[in-house]
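The values are calculated or read from the model by the stated rules, or taken from the named source; none is laboratory data. This is a predicted model, so every value here is computed, not measured. Note that we place each Cβ from the backbone using ideal geometry, even for glycine, and neighbour counts take in every protein chain shown. Ligands, DNA and RNA are excluded from the accessible area calculation, which covers all protein heavy atoms including side chains. Shrake-Rupley method; radii C 1.70, N 1.55, O 1.52, S 1.80 Å.
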Amino acid sequence: MTASNDSASLYDADSLRRFAADLLQRAGLAAPMAACVADTLVEGDLLGHDTHGLALLAGYVKELESGGMTRDGEPEVLSDRPAAVLWDGRRLPGPWLVHRGLDLLIPRARELGTASLVIRRSHHIACLAAYMLRALDEDLLMLLACSDPNTASVAPFGGTQAVFTPNPLAMGFPLTGGGVMVDISASITTNGMSNRKRAAGERFAEDWLIDAQGHPTNDPQTLFDQPPGTLLPVGGRSHGHKGYGMALLVETLTAGLAGHGRADPPEGWGATVHITLHDLQAFGGKEAFLRQMDHVAARCRDNRPVDADKPVRLPGEGGLKRRTSQEKDGVRLHPSIAASLAAAQARYGLQLAQALR
């Protein structure tokens with residue numbers, strides 16, 4: 001997650017949704033898909049994940065224009081058992097595929113207790129935390145994992161050559177008040193943040209990368225050098241075996257179960273996706289689940305902090321508060337986002353929503 005720039009302009013959330021949907025439709029995306037993708041991207045910014053919100057819109061438009069993203073149609077069902085489904089996403093928009101997948105899984109999880117869907121050949125799925133909102137709304141425990149078999153920027157621990165993408169893993173579940181939304185990656189930072197910092201001529205605060213010879217660096221340019229450097233896994237140079245293990249877990253849940261991944265020819269920017277839903281009532285029951293997790297949440301929140309000005313928070317707590325505030329007062333877009341959309345706006349005769357201030 002990234003904290004939004006306090007000096008950035010504020011925009012009305014609904015206006016941003018309409019603008020994004022209009023732009024995607026003019027680039028050729030079917031209207032229902034465009035609305036779903038637009039809403040998911042704006043949710044990313046509402047939650048504060050501003051490298052995985054509207055920052056992705058210009059790239060999605062280019063993918064539609066080039067044919068890299070499929071504009072209409074349905075996923076192909078490759079296998080369908082009551083609690084386990086495999087789709088070929090046919091490179092349809094990732095956010096739309098994930099939400100269609102949740103529509104399929106929710107009633108099955110209610111009936112069976114647990115239901116899983118794996119999607120191969122999806123396009124990029126944007127901010128994973130945005131989908132956790134449905135887990136909170138539906139009183140479900142949700143797990144979501146994603147890898148992109150078409151590219152690599154993270155080396156295995158001890159190595160210098162990229163094998164993995166950041167391989168994000170997300171989890172969401174309700175509490176009596178609010179809920180928990182975990183959205184983490186197996187690497188210390190992401191490609192999106194690396195691209196943003198490189199474009200701005202900035203470096204990371206710490207050495208979160210290594211160059212091709214294995215030397216630590218804070219310069220994102222190293223990812224674009226020849227030969228390229230790589231992002232470090234979670235745990236860094238001393239304990240990166242932890243992030244390496246996470247990356248392998250995500251690869252197993254996505255490419256392994258999909259039977260499609262890095263062993264296959266690359267097709268372009270995309271994703272392999274794993275979704276599992278657990279119905280709380282199928283196990284110890286919702287009341288018992290909340291008793292346990294409310295207790296754990298209270299122990300975390302009440303924990304004596306290292307810094308009194310930085311109390312312990314639950315994952316997603318800040319994002320949920322930010323979302324409520326920004327829906328009411330306006331979405332604070334990172335300054336780079338408006339600039340990234342200028343060319344697409346000119347091509348299609350659209351204008352980004354007027355800033356509130």
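Shape index of segment 230-357: Rg/Rh, with Rg the Cα radius of gyration and Rh the Kirkwood radius from the inverse mean 1/r over Cα pairs, equals 1.06. For the chain, the solvent-accessible area of protein heavy atoms averages 45 Å² per residue (probe radius 1.4 Å; ligands and nucleic acids excluded).
ARG121 exposes around 60 Å² of accessible area when a 1.4 Å probe is run over every protein chain in place. Surface composition of the chain: carbon plus sulfur atoms contribute 51% of the solvent-accessible area (1.4 Å probe, protein chains only, all chains present).
Calculated mean residue ellipticity at 222 nm for the chain: -12000 deg cm²/dmol, from DSSP H runs with n ≥ 4 weighted as -39500 (n - 2.57), summed, divided by the residue count and rounded to 500.
Most tightly packed first, judged by the mean number of other beta-carbon atoms within 10 Å of their residues, the peptides 122-135, 258-271 read 122-135, 258-271. Per residue, the convex hull spanned by the Cα atoms of segment 233-304 amounts to 169 cubic angstrom. Rounded to whole Å, give me the distance from the Cα center of segment 99-122 to that of segment 176-222. If you average the Cα positions of each part, the centres end up 31 Å apart. Working note: Debye formula, equal point scatterers on the alpha-carbon atoms of segment 72-119, no solvent; log10 I(q)/I(0) at q = 0.25 Å⁻¹ is -0.89. Normalising the Debye intensity of segment 56-169 to I(0), with uniform scatterers on Cα atoms only, and taking log10 at q = 0.15 Å⁻¹ returns -0.75. For segment 1-104, the Cα gyration tensor yields ellipsoid semi-axes of 27, 17, 11 Å (square root of five times each eigenvalue, largest first, whole Å).
The orientation-averaged projected area of the convex hull spanned by the Cα atoms of the chain comes to 18.3 nm². Debye calculation, C-alpha points only, no solvent: report log10 I(q)/I(0) for segment 306-357 at q = 0.13, 0.14, 0.23 Å⁻¹, in the same order as the q values. Normalising to I(0) and taking log10 leaves -0.54, -0.59, -0.94.
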